1. For the range 62-85, state whether one or more residues are of a type in the set (A, V, I, L, M) and in contact with a strand residue (DSSP E or B) (Cβ under 8 Å, 6 or more places away or on another chain).
2. Is it the case that the range 193-213 has a residue that's among the aromatic types (Phe, Trp, Tyr) and in contact (Cβ under 8 Å) with a residue 60 or more places away in the chain?
3. Hey, among Thr208, Thr176, which residue is over 30 Å from Asp30 (Cβ atoms), out of contact with any helix residue (DSSP H, G or I) (no Cβ under 8 Å at 6 or more places or on another chain) and among the β-branched types (Val, Ile, Thr)?
4. Confirm whether Ile244 is assigned to a strand (DSSP E or B) and closer than 30 Å to His296 by Cβ.
5. Only residues that are out of contact with any Gly (no Cβ under 9 Å at 6 or more places or on another chain) and within 22 Å of Ile420 (Cα to Cα): list them for the range 168-207, please.
6. I need every pair where a residue in the range 149-162 that is more than 14 Å from the ligand (Cβ to nearest atom) has its Cβ under 9 Å from the Cβ of a residue that is basic (Lys, Arg), sequence separation at least 6 or different chains.
7. Just a yes or no: is a residue in the range 6-18 in contact (Cβ under 8 Å) with a residue 12 or more places away in the chain, more than 14 Å from the ligand (Cβ to nearest atom) and at positive phi?
8. Could you list all residues from the range 276-314 that are in a loop (DSSP other than H, G, I, E, B) and in contact with a Pro (Cβ under 8 Å, 6 or more places away or on another chain)?
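The values are calculated or read from the model by the stated rules, or taken from the named source; none is laboratory data. Predicted model only: the values in this text are computed from it and were never measured. Don't worry about glycine lacking a Cβ; one is built from the backbone with ideal geometry, like all the others, and counts go over all protein chains shown.
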Amino acid sequence: MTTYNAQVCVVAGGPSGLAAAVQAAENGADVIVIEKAAAVGGAANMGMGPLGIGTRYQKANMQDITVEQAFNMFMEYTHYNVDARLIRRYFGQSADTIEWLEDMGVEFEGAFRYFPQSMPTWHIVKCDSGIGPRAASFMNKALYARAQELGVRFLLETPGKKILKENDKVVGVLATDKNGEDVEIRCSAAIICTGGAGSNFKLIKEETGYTHGEDMFSFAIPGIMGDGLRMAWEAGADKLPVRIEQAAQLMGVEDLSVSVGNVMIQPNLLVNKFGRRFMNEDYMQNSTYLSNAVSHQPGRVAFSVIDTSIAHYYMKHGVENTSLVRPNPDVSDFVDGIKTAMAHGNKGMFVADTVEELAEQMGVDVENFKRTVEEYNDFCESADDEFFKDRRYLRPIRKAPFYAARVCPGGYGTVGGIRINENCEVCDKNFQPIHGLYAAGADSCNIYDDSYMFLLPGNSMGYAVNTGRIAGMTAAAQVKADAE
Ligand SMILES: Cc1cc2nc3c(=O)[nH]c(=O)nc-3n(C[C@H](O)[C@H](O)[C@H](O)COP(=O)(O)OP(=O)(O)OC[C@H]3O[C@@H](n4cnc5c(N)ncnc54)[C@H](O)[C@@H]3O)c2cc1C
(Lines give C-alpha, C1' and ligand atoms only; values in the text may rest on other atoms or scores of the structure.)
Protein backbone atom coordinates (compact mmCIF):
# COMPACT_ATOMS: atom_id res chain seq x y z
CA MET A 1 0.00 0.00 0.00
CA THR A 2 1.31 3.44 -0.93
CA THR A 3 1.14 6.03 1.83
CA TYR A 4 1.17 9.79 1.36
CA ASN A 5 1.49 12.40 4.07
CA ALA A 6 -0.37 15.70 3.98
CA GLN A 7 -2.13 17.98 6.41
CA VAL A 8 -5.40 18.22 4.48
CA CYS A 9 -6.86 15.59 2.14
CA VAL A 10 -9.63 16.86 -0.12
CA VAL A 11 -11.80 14.00 -1.31
CA ALA A 12 -12.77 14.95 -4.91
CA GLY A 13 -11.85 17.71 -7.32
CA GLY A 14 -15.17 19.22 -8.43
CA PRO A 15 -15.67 22.96 -7.85
CA SER A 16 -16.11 22.55 -4.09
CA GLY A 17 -13.02 20.34 -3.80
CA LEU A 18 -10.90 22.61 -6.00
CA ALA A 19 -11.97 25.70 -4.05
CA ALA A 20 -11.28 23.89 -0.75
CA ALA A 21 -7.82 22.84 -1.92
CA VAL A 22 -6.84 26.29 -3.18
CA GLN A 23 -8.14 28.04 -0.06
CA ALA A 24 -6.49 25.60 2.36
CA ALA A 25 -3.19 25.88 0.47
CA GLU A 26 -3.42 29.68 0.37
CA ASN A 27 -3.89 29.54 4.14
CA GLY A 28 -0.68 27.58 4.52
CA ALA A 29 -1.78 23.91 4.56
CA ASP A 30 -0.10 21.04 2.75
CA VAL A 31 -2.91 19.61 0.60
CA ILE A 32 -3.56 16.44 -1.41
CA VAL A 33 -6.68 16.06 -3.60
CA ILE A 34 -7.86 12.56 -4.47
CA GLU A 35 -10.25 12.46 -7.43
CA LYS A 36 -12.18 9.48 -8.78
CA ALA A 37 -12.29 10.65 -12.41
CA ALA A 38 -9.37 11.12 -14.78
CA ALA A 39 -9.96 14.89 -14.81
CA VAL A 40 -11.05 17.53 -12.32
CA GLY A 41 -14.05 19.87 -12.46
CA GLY A 42 -16.96 17.51 -11.78
CA ALA A 43 -20.46 18.48 -12.86
CA ALA A 44 -19.47 22.12 -13.00
CA ASN A 45 -17.68 21.40 -16.29
CA MET A 46 -21.23 21.21 -17.74
CA GLY A 47 -22.49 24.41 -16.12
CA MET A 48 -22.16 28.10 -16.68
CA GLY A 49 -21.29 29.87 -13.45
CA PRO A 50 -21.74 30.58 -9.74
CA LEU A 51 -23.92 32.97 -7.74
CA GLY A 52 -22.57 36.26 -6.48
CA ILE A 53 -24.38 38.89 -4.42
CA GLY A 54 -23.34 42.54 -4.29
CA THR A 55 -20.66 42.13 -6.95
CA ARG A 56 -19.14 44.85 -9.12
CA TYR A 57 -21.03 43.43 -12.13
CA GLN A 58 -24.36 44.05 -10.43
CA LYS A 59 -23.33 47.50 -9.24
CA ALA A 60 -22.12 48.47 -12.73
CA ASN A 61 -25.53 47.59 -14.18
CA MET A 62 -27.55 49.17 -11.35
CA GLN A 63 -28.82 45.68 -10.49
CA ASP A 64 -29.16 46.36 -6.84
CA ILE A 65 -29.20 43.25 -4.72
CA THR A 66 -27.75 43.21 -1.24
CA VAL A 67 -26.79 40.31 0.98
CA GLU A 68 -29.58 41.35 3.34
CA GLN A 69 -32.22 41.21 0.58
CA ALA A 70 -30.99 37.88 -0.73
CA PHE A 71 -30.75 36.43 2.76
CA ASN A 72 -34.31 37.47 3.66
CA MET A 73 -35.65 36.26 0.33
CA PHE A 74 -33.92 32.92 0.78
CA MET A 75 -35.06 32.40 4.34
CA GLU A 76 -38.67 33.19 3.37
CA TYR A 77 -38.44 30.83 0.40
CA THR A 78 -37.19 27.98 2.60
CA HIS A 79 -39.59 28.77 5.50
CA TYR A 80 -36.57 29.00 7.81
CA ASN A 81 -36.10 25.24 7.45
CA VAL A 82 -32.38 25.74 6.81
CA ASP A 83 -29.25 26.88 8.63
CA ALA A 84 -29.43 30.69 8.65
CA ARG A 85 -25.82 31.05 9.82
CA LEU A 86 -24.54 29.03 6.88
CA ILE A 87 -26.67 30.98 4.39
CA ARG A 88 -25.49 34.28 5.89
CA ARG A 89 -21.84 33.26 5.64
CA TYR A 90 -22.21 31.87 2.11
CA PHE A 91 -24.04 34.89 0.72
CA GLY A 92 -21.81 37.33 2.62
CA GLN A 93 -18.69 35.76 1.11
CA SER A 94 -20.04 35.32 -2.42
CA ALA A 95 -18.95 38.70 -3.87
CA ASP A 96 -15.46 38.21 -2.47
CA THR A 97 -15.40 34.76 -4.09
CA ILE A 98 -16.11 36.27 -7.51
CA GLU A 99 -13.08 38.55 -7.02
CA TRP A 100 -11.01 35.66 -5.64
CA LEU A 101 -11.77 33.73 -8.84
CA GLU A 102 -10.92 36.77 -10.96
CA ASP A 103 -7.58 37.08 -9.17
CA MET A 104 -6.69 33.63 -10.45
CA GLY A 105 -7.67 34.50 -14.02
CA VAL A 106 -11.38 33.69 -14.26
CA GLU A 107 -13.31 36.20 -16.35
CA PHE A 108 -17.08 36.72 -16.19
CA GLU A 109 -19.57 37.77 -18.86
CA GLY A 110 -21.57 39.58 -16.18
CA ALA A 111 -24.42 38.86 -13.75
CA PHE A 112 -27.53 37.28 -15.30
CA ARG A 113 -31.08 36.21 -14.49
CA TYR A 114 -32.25 32.66 -15.21
CA PHE A 115 -35.70 33.93 -16.22
CA PRO A 116 -37.35 37.34 -15.87
CA GLN A 117 -38.65 36.83 -12.30
CA SER A 118 -35.28 35.65 -10.97
CA MET A 119 -32.57 37.94 -9.62
CA PRO A 120 -29.38 38.68 -11.61
CA THR A 121 -27.03 36.63 -9.43
CA TRP A 122 -25.75 34.14 -12.01
CA HIS A 123 -22.13 35.03 -12.82
CA ILE A 124 -21.53 33.35 -16.13
CA VAL A 125 -17.92 32.49 -16.80
CA LYS A 126 -16.34 33.85 -19.97
CA CYS A 127 -15.11 31.07 -22.26
CA ASP A 128 -13.98 30.82 -25.87
CA SER A 129 -17.42 29.93 -27.29
CA GLY A 130 -19.71 32.65 -25.89
CA ILE A 131 -22.43 32.32 -23.28
CA GLY A 132 -23.63 28.74 -23.01
CA PRO A 133 -23.25 25.34 -21.36
CA ARG A 134 -19.76 24.27 -20.23
CA ALA A 135 -18.50 27.82 -19.70
CA ALA A 136 -17.69 27.02 -16.06
CA SER A 137 -15.07 24.49 -17.16
CA PHE A 138 -12.89 27.59 -17.61
CA MET A 139 -13.35 28.39 -13.92
CA ASN A 140 -12.30 24.84 -13.00
CA LYS A 141 -9.19 25.12 -15.18
CA ALA A 142 -8.16 28.30 -13.37
CA LEU A 143 -8.78 26.72 -9.94
CA TYR A 144 -6.76 23.66 -10.95
CA ALA A 145 -3.87 25.78 -12.23
CA ARG A 146 -3.89 27.89 -9.05
CA ALA A 147 -3.88 24.75 -6.88
CA GLN A 148 -0.89 23.36 -8.75
CA GLU A 149 0.91 26.70 -8.47
CA LEU A 150 0.38 26.47 -4.69
CA GLY A 151 1.89 22.98 -4.59
CA VAL A 152 -1.34 21.01 -4.11
CA ARG A 153 -0.79 17.39 -5.14
CA PHE A 154 -3.50 15.63 -7.21
CA LEU A 155 -4.06 11.88 -7.32
CA LEU A 156 -6.46 11.30 -10.22
CA GLU A 157 -8.40 8.06 -10.72
CA THR A 158 -8.08 7.53 -6.99
CA PRO A 159 -11.53 7.29 -5.36
CA GLY A 160 -11.72 7.79 -1.62
CA LYS A 161 -13.46 5.00 0.26
CA LYS A 162 -13.05 5.47 4.00
CA ILE A 163 -12.31 8.16 6.56
CA LEU A 164 -9.78 6.86 9.09
CA LYS A 165 -10.21 7.96 12.69
CA GLU A 166 -8.31 7.39 15.91
CA ASN A 167 -9.49 8.69 19.29
CA ASP A 168 -12.42 10.45 17.58
CA LYS A 169 -10.10 12.44 15.33
CA VAL A 170 -9.48 12.12 11.62
CA VAL A 171 -6.06 10.63 10.91
CA GLY A 172 -6.33 9.73 7.25
CA VAL A 173 -8.30 8.76 4.17
CA LEU A 174 -8.23 5.36 2.53
CA ALA A 175 -8.52 5.32 -1.26
CA THR A 176 -7.92 3.00 -4.22
CA ASP A 177 -5.53 3.86 -7.03
CA LYS A 178 -6.15 3.17 -10.72
CA ASN A 179 -4.52 -0.27 -10.41
CA GLY A 180 -6.93 -1.24 -7.66
CA GLU A 181 -4.26 -0.93 -4.95
CA ASP A 182 -5.03 0.67 -1.61
CA VAL A 183 -3.63 4.13 -1.00
CA GLU A 184 -3.56 5.81 2.38
CA ILE A 185 -3.33 9.56 2.82
CA ARG A 186 -2.22 10.33 6.37
CA CYS A 187 -3.70 13.69 7.32
CA SER A 188 -5.40 15.39 10.23
CA ALA A 189 -8.17 17.01 8.16
CA ALA A 190 -10.34 15.56 5.41
CA ILE A 191 -12.79 17.57 3.29
CA ILE A 192 -15.52 15.53 1.60
CA CYS A 193 -16.67 17.02 -1.73
CA THR A 194 -17.94 14.11 -3.83
CA GLY A 195 -20.96 15.86 -5.35
CA GLY A 196 -23.90 13.87 -3.94
CA ALA A 197 -25.43 10.73 -5.41
CA GLY A 198 -27.01 11.77 -8.71
CA SER A 199 -25.86 8.66 -10.59
CA ASN A 200 -26.73 6.21 -7.83
CA PHE A 201 -30.27 5.30 -8.85
CA LYS A 202 -30.63 2.75 -6.03
CA LEU A 203 -29.80 5.35 -3.40
CA ILE A 204 -32.09 7.88 -5.11
CA LYS A 205 -34.94 5.38 -5.00
CA GLU A 206 -34.30 4.57 -1.34
CA GLU A 207 -33.90 8.17 -0.22
CA THR A 208 -36.43 9.98 -2.42
CA GLY A 209 -38.83 7.39 -3.85
CA TYR A 210 -38.12 8.42 -7.47
CA THR A 211 -37.28 5.79 -10.09
CA HIS A 212 -34.71 6.98 -12.58
CA GLY A 213 -35.90 6.54 -16.17
CA GLU A 214 -39.54 6.19 -15.09
CA ASP A 215 -40.63 9.20 -13.08
CA MET A 216 -37.35 11.08 -12.76
CA PHE A 217 -34.57 11.83 -15.22
CA SER A 218 -31.29 12.80 -13.56
CA PHE A 219 -28.72 14.42 -15.80
CA ALA A 220 -25.89 14.05 -13.30
CA ILE A 221 -22.45 13.15 -14.61
CA PRO A 222 -21.33 9.51 -14.20
CA GLY A 223 -19.49 8.43 -11.05
CA ILE A 224 -21.48 10.53 -8.59
CA MET A 225 -22.45 7.57 -6.42
CA GLY A 226 -22.82 9.01 -2.93
CA ASP A 227 -19.35 7.81 -1.86
CA GLY A 228 -18.75 10.88 0.29
CA LEU A 229 -22.17 10.58 1.94
CA ARG A 230 -21.43 7.00 2.93
CA MET A 231 -17.90 7.87 4.11
CA ALA A 232 -19.21 10.71 6.28
CA TRP A 233 -22.13 8.71 7.73
CA GLU A 234 -19.75 5.83 8.57
CA ALA A 235 -17.46 8.34 10.27
CA GLY A 236 -20.32 9.48 12.53
CA ALA A 237 -21.94 12.33 10.60
CA ASP A 238 -25.58 13.06 11.26
CA LYS A 239 -27.62 11.93 8.25
CA LEU A 240 -29.92 14.56 6.76
CA PRO A 241 -32.40 14.03 3.89
CA VAL A 242 -30.91 13.47 0.45
CA ARG A 243 -33.01 15.29 -2.13
CA ILE A 244 -33.25 15.63 -5.89
CA GLU A 245 -32.10 19.01 -7.14
CA GLN A 246 -35.32 19.31 -9.13
CA ALA A 247 -35.34 20.70 -12.67
CA ALA A 248 -38.08 19.48 -15.03
CA GLN A 249 -37.22 18.34 -18.50
CA LEU A 250 -38.67 16.92 -21.68
CA MET A 251 -38.34 13.18 -22.03
CA GLY A 252 -35.21 12.25 -23.98
CA VAL A 253 -34.11 15.89 -24.00
CA GLU A 254 -30.51 14.97 -24.76
CA ASP A 255 -31.55 13.75 -28.25
CA LEU A 256 -33.86 16.66 -29.07
CA SER A 257 -33.01 19.59 -31.28
CA VAL A 258 -32.68 22.89 -29.43
CA SER A 259 -35.75 24.20 -31.27
CA VAL A 260 -37.99 21.36 -30.00
CA GLY A 261 -36.67 21.87 -26.46
CA ASN A 262 -37.28 25.59 -26.74
CA VAL A 263 -40.81 25.42 -28.20
CA MET A 264 -42.19 22.71 -25.94
CA ILE A 265 -41.00 24.38 -22.74
CA GLN A 266 -42.73 27.69 -23.55
CA PRO A 267 -45.81 28.53 -21.45
CA ASN A 268 -48.00 26.32 -23.64
CA LEU A 269 -51.14 24.49 -22.55
CA LEU A 270 -50.02 21.93 -19.94
CA VAL A 271 -52.18 18.97 -18.91
CA ASN A 272 -51.84 15.88 -16.75
CA LYS A 273 -52.87 12.31 -17.53
CA PHE A 274 -56.46 13.14 -16.60
CA GLY A 275 -56.42 15.71 -19.38
CA ARG A 276 -56.68 18.57 -16.89
CA ARG A 277 -54.58 21.67 -16.35
CA PHE A 278 -52.82 21.90 -12.98
CA MET A 279 -50.82 25.14 -12.89
CA ASN A 280 -50.38 28.59 -14.32
CA GLU A 281 -48.11 27.77 -17.24
CA ASP A 282 -46.30 31.13 -16.94
CA TYR A 283 -44.25 29.41 -14.22
CA MET A 284 -42.95 26.71 -16.56
CA GLN A 285 -39.80 28.82 -16.90
CA ASN A 286 -38.91 28.01 -13.32
CA SER A 287 -37.89 24.42 -13.87
CA THR A 288 -37.95 23.65 -10.15
CA TYR A 289 -41.56 24.77 -9.83
CA LEU A 290 -42.45 22.85 -12.97
CA SER A 291 -40.72 19.72 -11.70
CA ASN A 292 -42.47 20.01 -8.33
CA ALA A 293 -45.88 20.53 -9.95
CA VAL A 294 -45.41 17.56 -12.32
CA SER A 295 -44.24 15.40 -9.39
CA HIS A 296 -47.67 15.87 -7.81
CA GLN A 297 -49.58 14.65 -10.89
CA PRO A 298 -50.73 11.08 -11.51
CA GLY A 299 -47.81 9.06 -12.89
CA ARG A 300 -45.57 12.11 -12.32
CA VAL A 301 -45.98 13.17 -15.92
CA ALA A 302 -47.43 16.10 -17.88
CA PHE A 303 -47.86 17.12 -21.52
CA SER A 304 -47.06 20.43 -23.16
CA VAL A 305 -49.49 20.98 -26.07
CA ILE A 306 -49.50 23.34 -29.06
CA ASP A 307 -51.28 23.49 -32.41
CA THR A 308 -49.95 24.34 -35.85
CA SER A 309 -50.77 28.06 -35.55
CA ILE A 310 -48.70 28.32 -32.39
CA ALA A 311 -45.88 26.30 -33.97
CA HIS A 312 -45.89 28.58 -36.99
CA TYR A 313 -45.97 31.68 -34.79
CA TYR A 314 -42.85 30.53 -32.93
CA MET A 315 -41.15 29.40 -36.15
CA LYS A 316 -41.74 32.80 -37.71
CA HIS A 317 -41.14 35.11 -34.73
CA GLY A 318 -38.93 33.00 -32.47
CA VAL A 319 -39.90 31.83 -29.00
CA GLU A 320 -40.86 34.40 -26.38
CA ASN A 321 -39.00 32.98 -23.43
CA THR A 322 -35.41 32.20 -24.17
CA SER A 323 -33.00 30.94 -21.60
CA LEU A 324 -29.25 31.38 -21.48
CA VAL A 325 -28.98 27.60 -21.66
CA ARG A 326 -30.93 27.74 -24.95
CA PRO A 327 -30.15 31.32 -25.98
CA ASN A 328 -31.22 31.20 -29.64
CA PRO A 329 -34.91 32.14 -30.12
CA ASP A 330 -34.82 30.89 -33.74
CA VAL A 331 -36.85 27.68 -33.87
CA SER A 332 -37.60 27.65 -37.59
CA ASP A 333 -36.63 23.96 -37.82
CA PHE A 334 -39.12 22.91 -35.11
CA VAL A 335 -41.28 20.66 -37.32
CA ASP A 336 -38.24 18.89 -38.75
CA GLY A 337 -36.85 18.57 -35.22
CA ILE A 338 -39.93 16.84 -33.87
CA LYS A 339 -40.08 14.48 -36.87
CA THR A 340 -36.41 13.59 -36.39
CA ALA A 341 -36.96 12.95 -32.67
CA MET A 342 -39.85 10.60 -33.46
CA ALA A 343 -37.90 8.87 -36.22
CA HIS A 344 -35.14 8.24 -33.64
CA GLY A 345 -37.65 6.57 -31.35
CA ASN A 346 -38.26 9.38 -28.85
CA LYS A 347 -41.32 8.20 -26.88
CA GLY A 348 -42.10 11.64 -25.49
CA MET A 349 -43.17 13.44 -28.70
CA PHE A 350 -46.66 13.26 -30.22
CA VAL A 351 -48.16 14.56 -33.46
CA ALA A 352 -51.81 14.03 -34.41
CA ASP A 353 -54.47 15.37 -36.78
CA THR A 354 -57.19 15.60 -34.14
CA VAL A 355 -57.32 16.52 -30.46
CA GLU A 356 -58.83 13.10 -29.70
CA GLU A 357 -56.03 11.26 -31.46
CA LEU A 358 -53.44 13.36 -29.65
CA ALA A 359 -55.03 12.45 -26.30
CA GLU A 360 -54.99 8.76 -27.21
CA GLN A 361 -51.32 8.90 -28.19
CA MET A 362 -50.44 10.66 -24.93
CA GLY A 363 -52.47 8.19 -22.89
CA VAL A 364 -54.60 11.05 -21.58
CA ASP A 365 -58.34 10.93 -20.78
CA VAL A 366 -59.88 11.84 -24.16
CA GLU A 367 -63.14 13.45 -23.00
CA ASN A 368 -61.46 15.51 -20.28
CA PHE A 369 -58.78 16.66 -22.68
CA LYS A 370 -61.35 17.75 -25.28
CA ARG A 371 -63.19 19.71 -22.55
CA THR A 372 -59.96 21.27 -21.31
CA VAL A 373 -59.05 22.40 -24.83
CA GLU A 374 -62.51 23.93 -25.28
CA GLU A 375 -62.32 25.74 -21.94
CA TYR A 376 -58.78 26.88 -22.64
CA ASN A 377 -59.83 28.21 -26.05
CA ASP A 378 -62.58 30.18 -24.30
CA PHE A 379 -60.02 31.61 -21.86
CA CYS A 380 -57.99 32.73 -24.89
CA GLU A 381 -60.98 34.90 -25.90
CA SER A 382 -61.38 36.42 -22.45
CA ALA A 383 -59.15 35.56 -19.46
CA ASP A 384 -57.83 32.51 -17.64
CA ASP A 385 -60.27 32.28 -14.74
CA GLU A 386 -58.76 29.00 -13.67
CA PHE A 387 -55.07 29.76 -13.02
CA PHE A 388 -54.71 33.42 -14.07
CA LYS A 389 -52.26 32.80 -16.88
CA ASP A 390 -50.79 35.91 -18.48
CA ARG A 391 -52.90 36.91 -21.51
CA ARG A 392 -49.75 37.15 -23.64
CA TYR A 393 -49.38 33.39 -23.51
CA LEU A 394 -53.00 32.43 -24.12
CA ARG A 395 -53.15 30.99 -27.63
CA PRO A 396 -55.97 28.67 -28.73
CA ILE A 397 -55.48 25.05 -29.75
CA ARG A 398 -57.44 24.74 -33.02
CA LYS A 399 -55.37 24.00 -36.10
CA ALA A 400 -54.10 20.53 -37.01
CA PRO A 401 -51.66 18.96 -36.80
CA PHE A 402 -51.38 19.14 -33.01
CA TYR A 403 -48.08 18.63 -31.16
CA ALA A 404 -47.35 17.51 -27.62
CA ALA A 405 -44.29 16.67 -25.54
CA ARG A 406 -43.99 14.68 -22.33
CA VAL A 407 -42.66 16.74 -19.40
CA CYS A 408 -41.04 14.83 -16.54
CA PRO A 409 -39.46 15.61 -13.20
CA GLY A 410 -35.70 15.80 -13.54
CA GLY A 411 -32.67 16.79 -11.59
CA TYR A 412 -29.08 17.93 -11.74
CA GLY A 413 -28.38 15.20 -9.21
CA THR A 414 -28.89 15.10 -5.46
CA VAL A 415 -28.25 17.64 -2.75
CA GLY A 416 -27.79 17.16 0.96
CA GLY A 417 -27.17 14.30 3.31
CA ILE A 418 -24.32 15.40 5.61
CA ARG A 419 -24.95 17.78 8.49
CA ILE A 420 -22.43 20.64 8.59
CA ASN A 421 -22.33 23.93 10.48
CA GLU A 422 -21.48 27.38 9.13
CA ASN A 423 -17.77 26.52 9.27
CA CYS A 424 -18.37 23.44 7.12
CA GLU A 425 -17.43 21.18 10.01
CA VAL A 426 -19.23 17.84 9.76
CA CYS A 427 -21.43 17.39 12.84
CA ASP A 428 -22.75 14.34 14.61
CA LYS A 429 -26.29 13.72 15.87
CA ASN A 430 -25.63 16.01 18.83
CA PHE A 431 -24.59 18.82 16.47
CA GLN A 432 -20.97 18.43 17.67
CA PRO A 433 -18.19 18.79 15.06
CA ILE A 434 -16.20 15.65 14.29
CA HIS A 435 -12.59 16.71 14.74
CA GLY A 436 -10.87 17.00 11.37
CA LEU A 437 -13.89 16.22 9.18
CA TYR A 438 -15.38 18.79 6.78
CA ALA A 439 -17.79 18.69 3.85
CA ALA A 440 -18.65 21.10 1.05
CA GLY A 441 -20.69 21.24 -2.15
CA ALA A 442 -23.64 19.01 -3.02
CA ASP A 443 -22.82 16.41 -0.31
CA SER A 444 -23.54 19.03 2.35
CA CYS A 445 -26.07 21.16 0.48
CA ASN A 446 -29.03 21.08 2.85
CA ILE A 447 -29.90 24.71 2.19
CA TYR A 448 -32.88 24.65 -0.17
CA ASP A 449 -35.34 22.82 2.05
CA ASP A 450 -37.17 20.75 -0.58
CA SER A 451 -36.79 22.93 -3.69
CA TYR A 452 -33.69 24.22 -5.47
CA MET A 453 -33.91 27.99 -5.64
CA PHE A 454 -33.73 29.23 -9.23
CA LEU A 455 -34.88 32.69 -8.08
CA LEU A 456 -31.25 33.33 -7.07
CA PRO A 457 -29.53 31.51 -9.93
CA GLY A 458 -26.00 30.11 -9.75
CA ASN A 459 -26.89 28.93 -6.27
CA SER A 460 -25.69 25.39 -6.72
CA MET A 461 -22.19 26.09 -8.00
CA GLY A 462 -22.07 29.20 -5.82
CA TYR A 463 -22.75 27.06 -2.77
CA ALA A 464 -20.09 24.56 -3.90
CA VAL A 465 -17.32 27.10 -4.41
CA ASN A 466 -18.15 29.11 -1.30
CA THR A 467 -18.50 26.16 1.05
CA GLY A 468 -15.31 24.73 -0.47
CA ARG A 469 -13.53 27.93 0.50
CA ILE A 470 -15.04 27.92 3.99
CA ALA A 471 -14.06 24.28 4.54
CA GLY A 472 -10.54 25.06 3.29
CA MET A 473 -10.24 27.97 5.71
CA THR A 474 -11.50 25.99 8.70
CA ALA A 475 -9.37 22.94 7.93
CA ALA A 476 -6.22 25.03 7.47
CA ALA A 477 -6.85 26.79 10.80
CA GLN A 478 -7.39 23.44 12.52
CA VAL A 479 -4.19 21.82 11.24
CA LYS A 480 -2.27 24.95 12.22
CA ALA A 481 -3.77 24.87 15.72
CA ASP A 482 -3.09 21.11 15.99
CA ALA A 483 0.57 21.71 15.14
CA GLU A 484 1.01 24.43 17.79
C1 LIG B 1 -25.67 20.19 -16.88
C2 LIG B 1 -25.44 20.92 -15.59
C3 LIG B 1 -25.38 22.31 -15.61
C4 LIG B 1 -25.20 23.01 -14.42
N5 LIG B 1 -25.12 24.38 -14.45
C6 LIG B 1 -24.97 25.08 -13.30
C7 LIG B 1 -24.81 26.51 -13.30
O8 LIG B 1 -24.66 27.14 -14.35
N9 LIG B 1 -24.78 27.14 -12.11
C10 LIG B 1 -24.89 26.47 -10.92
O11 LIG B 1 -24.92 27.10 -9.86
N12 LIG B 1 -24.94 25.11 -10.89
C13 LIG B 1 -24.98 24.41 -12.04
N14 LIG B 1 -25.03 23.05 -12.02
C15 LIG B 1 -24.85 22.36 -10.72
C16 LIG B 1 -23.36 22.41 -10.32
O17 LIG B 1 -22.56 22.01 -11.40
C18 LIG B 1 -23.13 21.54 -9.11
O19 LIG B 1 -23.90 22.02 -8.04
C20 LIG B 1 -21.68 21.55 -8.68
O21 LIG B 1 -20.84 21.07 -9.70
C22 LIG B 1 -21.50 20.73 -7.41
O23 LIG B 1 -20.17 20.78 -7.07
P24 LIG B 1 -19.51 19.64 -6.18
O25 LIG B 1 -18.08 19.99 -6.07
O26 LIG B 1 -20.31 19.48 -4.95
O27 LIG B 1 -19.71 18.29 -6.98
P28 LIG B 1 -19.40 17.86 -8.48
O29 LIG B 1 -19.19 19.00 -9.38
O30 LIG B 1 -20.45 16.90 -8.83
O31 LIG B 1 -18.01 17.11 -8.36
C32 LIG B 1 -17.90 15.93 -7.61
C33 LIG B 1 -16.57 15.29 -7.91
O34 LIG B 1 -16.42 14.19 -7.01
C35 LIG B 1 -15.74 13.16 -7.69
N36 LIG B 1 -15.92 11.93 -6.89
C37 LIG B 1 -17.06 11.21 -6.73
N38 LIG B 1 -16.82 10.20 -5.86
C39 LIG B 1 -15.53 10.30 -5.47
C40 LIG B 1 -14.71 9.56 -4.59
N41 LIG B 1 -15.15 8.46 -3.94
N42 LIG B 1 -13.42 9.94 -4.40
C43 LIG B 1 -12.92 11.01 -5.08
N44 LIG B 1 -13.66 11.74 -5.96
C45 LIG B 1 -14.96 11.40 -6.13
C46 LIG B 1 -16.38 13.19 -9.06
O47 LIG B 1 -15.59 12.50 -10.02
C48 LIG B 1 -16.45 14.69 -9.30
O49 LIG B 1 -15.27 15.18 -9.91
C50 LIG B 1 -25.12 22.31 -13.20
C51 LIG B 1 -25.16 20.91 -13.17
C52 LIG B 1 -25.31 20.21 -14.36
C53 LIG B 1 -25.34 18.71 -14.33
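1. Of the range 62-85, the ones of a type in the set (A, V, I, L, M) are 62, 65, 67, 70, 73, 75, 82, 84.
Those still in the list that are in contact with a strand residue (DSSP E or B) (Cβ under 8 Å, 6 or more places away or on another chain) too: none.
No: the range 62-85 contains no residue that is of a type in the set (A, V, I, L, M) and in contact with a strand residue (DSSP E or B) (Cβ under 8 Å, 6 or more places away or on another chain).
2. Yes: the range 193-213 contains one or more residues that are among the aromatic types (Phe, Trp, Tyr) and in contact (Cβ under 8 Å) with a residue 60 or more places away in the chain.
3. Selected residue: Thr208, the only one of Thr208, Thr176 that is over 30 Å from Asp30 (Cβ atoms), out of contact with any helix residue (DSSP H, G or I) (no Cβ under 8 Å at 6 or more places or on another chain) and among the β-branched types (Val, Ile, Thr).
4. For Ile244, the condition - assigned to a strand (DSSP E or B) and closer than 30 Å to His296 by Cβ - is met.
5. Gly172
6. From residues that are more than 14 Å from the ligand (Cβ to nearest atom), the pairs are Val152/Arg146.
7. No, that holds for no residue.
8. Answer for the range 276-314, where residues must be in a loop (DSSP other than H, G, I, E, B) and in contact with a Pro (Cβ under 8 Å, 6 or more places away or on another chain): just Asp307.
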